[in-house]
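Read the structure below first, then the notes.
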Amino acid sequence: MMDNKLTKTEEAYFDRHLKLAGFGRQAQEWLKAAKVLVVGAGGLGCPVLQYLATAGVGHIGVIDHDVVSFHNLHRQVLFTPDDVGKNKAETAARKLANQVPFVKFSIYMEALSVRNALEVMDGYDLVIDGTDNFETRYLVNDACVIQGIPFVSGAIDRYTGQVSVFNYQDGPTYRCLYPEAPENCGSCSIDGVLNVLPGIVGTLMANEAIKVLGRYGDVLSGKLLVMDVSGNGFDTFHFSPIEENKNIHSLRVDYAPIPAYDEQEIPSAGQYPDDALLVDVRELWEYEEGHEDGHINMPLHELPQRMEELLGLTDEGTPHRPVVFYCTTGKRSRMAVELVKKQGVEAYAERLE
């Protein structure tokens, strides 16, 4: 990172940072010189982006293929009802550019993938992972290890959250903490999440980023901060580097697909068996606002409890017919496919037109 001198406008804007003992002008100029990539502009990404921008990080990249949904609004605080249907990365960057005009934004309206990860991350000083699936977290980890970039990671589940910093100054990687993806992890789409939790966790993630870039404080490298906001519990767990996890020289080709589809990856309805059960996994209020004929409604969060009803098992205990799941973006329908695949069901994910 190269030092950038502050303008008079920036000196006035960051006056309280400049007066802060242990931070001051030098840390503020380091922030201005920094380039940070934020992966995901959802519940965690919104507070991360808000505080990175207002902290004065000079160049912020944001990558997200997803669009704003109405059910996002209670926790994704950069968005309003007028933003529903708009790309999250573009919308968040546009609003923050108006709020903090001396920050540069780079926008990537696509999903992070094996095909683009190394190219997108190239040139950034720090990556912040605010995604909600292990496939992307391992992809971020491996790309950061290859390019020698530290990254901040956060996760949330109902009332609990966690934050850590990986690949920092020869410290542990994400694979040192999680050699394999834990089983039976929750999902906000199924289990719900308290709206303040991503704000708390995202703000702590932004703080870790500012520590790394501004070179102050005790960075959460080799430490996992775990919190339970329902019981006011905060604990820190230590973990050590595993040298073999740093020996990554190329991205694997067998990462599980990220929960999103390109247009060419979604099979057409004509490819499905004629007797397939068509299930709309959106919430009831979404379904009532408009749905396709022949679709039944079964919200994603109800699937675990209604599995037997959904499967329509035969006397032999095998699924009666295949299932095609529908939602607006394809994300929830893909999660539904993953749920029923464990029951041996032939299932497909589709997007509504």
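The values are calculated or read from the model by the stated rules, or taken from the named source; none is laboratory data. Just so we're clear, the structure is a prediction, and the values are computed from it rather than from any experiment. FYI the Cβ positions are ideal-geometry reconstructions off the backbone, even for glycines, and counts take in every protein chain you see. The protein model used for the area step is the full one, side chains on, heavy atoms only, and it has no ligands, DNA or RNA in it. Shrake-Rupley method; radii C 1.70, N 1.55, O 1.52, S 1.80 Å.
Exactly one condition in (1) in contact (Cβ under 8 Å) with a residue 12 or more places away in the chain; (2) not in a loop (DSSP other than H, G, I, E, B) is false for residue 78; which is it?
It fails just one condition, (2).
So which of 302, 346 is farther than 30 Å from residue 68 by Cβ and at pLDDT 75 or above?
Working: 302 fails: farther than 30 Å from residue 68 by Cβ.
Within the list 302, 346, the selection yields 346.
Of the residues that sit in region 154-171 and are within 18 Å of residue 136 (Cα to Cα) and out of contact with any helix residue (DSSP H, G or I) (no Cβ under 6 Å at 6 or more places or on another chain), which one is surrounded by the most Cβ atoms within 10 Å (Cβ to Cβ)?
Step by step, filter region 154-171, then rank; the result is 164.
Just wondering, is there one or more residues in region 105-118 that are among the aliphatic types (A, V, I, L, M), closer than 30 Å to residue 28 by Cβ and in contact (Cβ under 8 Å) with a residue 12 or more places away in the chain?
yes
Residue 79 - would you say it is crowded, with 17+ Cβ neighbours inside 10 Å and of a type in the set (Phe, Trp, Tyr)?
So residue 79 passes the test.
Residues of region 214-245 being assigned to a helix (DSSP H, G or I), touching a residue at least 24 places away in the same chain (Cβ under 8 Å) and out of contact with any Phe, Trp or Tyr (no Cβ under 6 Å at 6 or more places or on another chain), which ones? Lay out the reasoning, then the answer.
Within region 214-245, the subset assigned to a helix (DSSP H, G or I) is 214, 243-245.
Add one more test, that the residue is touching a residue at least 24 places away in the same chain (Cβ under 8 Å), and what stays is 214, 245.
If the condition is that a residue be assigned to a helix (DSSP H, G or I), touching a residue at least 24 places away in the same chain (Cβ under 8 Å) and out of contact with any Phe, Trp or Tyr (no Cβ under 6 Å at 6 or more places or on another chain), then 245 is the only one that fits.
Based on this model, can you work out whether residue 51 counts as over 21 Å from residue 204 (Cα atoms) and either touching a residue at least 12 places away in the same chain (Cβ under 8 Å) or buried (at least 22 other Cβ atoms within 10 Å of the Cβ) (or both)?
no
Consider region 191-208. How many of its residues are more than 16 Å from the chain's Cα centre (by Cα) and either of a type outside the set (D, E, K, R) or at pLDDT below 95 (or both)?
Kept after step one, since they are more than 16 Å from the chain's Cα centre (by Cα), are these residues of region 191-208: 191, 194, 196, 207-208.
Pick out the ones that are also either of a type outside the set (D, E, K, R) or at pLDDT below 95 (or both) and you get 191, 194, 196, 207.
Selection size over region 191-208: 4.
Answer with yes or no whether residue 140 is in a helix (DSSP H, G or I), closer than 24 Å to residue 197 by Cβ and in contact with a Leu (Cβ under 8 Å, 6 or more places away or on another chain).
So residue 140 passes the test.
For residue 62, all conditions in the list (1) within 18 Å of residue 110 (Cβ to Cβ); (2) open to solvent by 10 Å² or more (accessible area, probe 1.4 Å); (3) of a type in the set (A, V, I, L, M); (4) modelled with pLDDT of 95 or more hold save one; what is the number of the exception?
The single condition residue 62 does not satisfy is (2).
Can you name every residue in region 113-135 that is open to solvent by less than 50 Å² (accessible area, probe 1.4 Å) and closer than 23 Å to residue 199 by Cα?
126, 127, 128, 129, 130, 131, 133, 134
What is the one condition in (1) in a loop (DSSP other than H, G, I, E, B); (2) touching a strand residue (DSSP E or B) at 6+ places or on another chain (Cβ under 7 Å); (3) of a type in the set (Ser, Thr, Tyr) that residue 113 does not satisfy?
(2)
Out of everything in region 94-112 that is under 12 Å from residue 64 (Cα atoms) and not small (Gly, Ala, Ser), what residue ends up being least open to solvent (accessible area, probe 1.4 Å)?
In this case the residue turns out to be 112.
Please verify whether residue 70 is under 21 Å from the mean Cα position of the chain (by Cα), aromatic (Phe, Trp, Tyr), over 29 Å from residue 6 (Cβ atoms) and open to solvent by 30 Å² or more (accessible area, probe 1.4 Å), treating the condition exactly as stated. It would help to see each step written out before you state the result.
On the way: under 21 Å from the mean Cα position of the chain (by Cα): yes; aromatic (Phe, Trp, Tyr): yes; over 29 Å from residue 6 (Cβ atoms): yes; open to solvent by 30 Å² or more (accessible area, probe 1.4 Å): yes.
Against the criterion (under 21 Å from the mean Cα position of the chain (by Cα), aromatic (Phe, Trp, Tyr), over 29 Å from residue 6 (Cβ atoms) and open to solvent by 30 Å² or more (accessible area, probe 1.4 Å)), residue 70 qualifies.
Under 6 Å between Cβ atoms, which residue pairs at least 6 apart in sequence (or on different chains) link something in region 130-142 that is closer than 16 Å to residue 49 by Cβ with a partner that is in a helix (DSSP H, G or I) and β-branched (Val, Ile, Thr)?
Qualifying pairs under 6 Å: 130/48.
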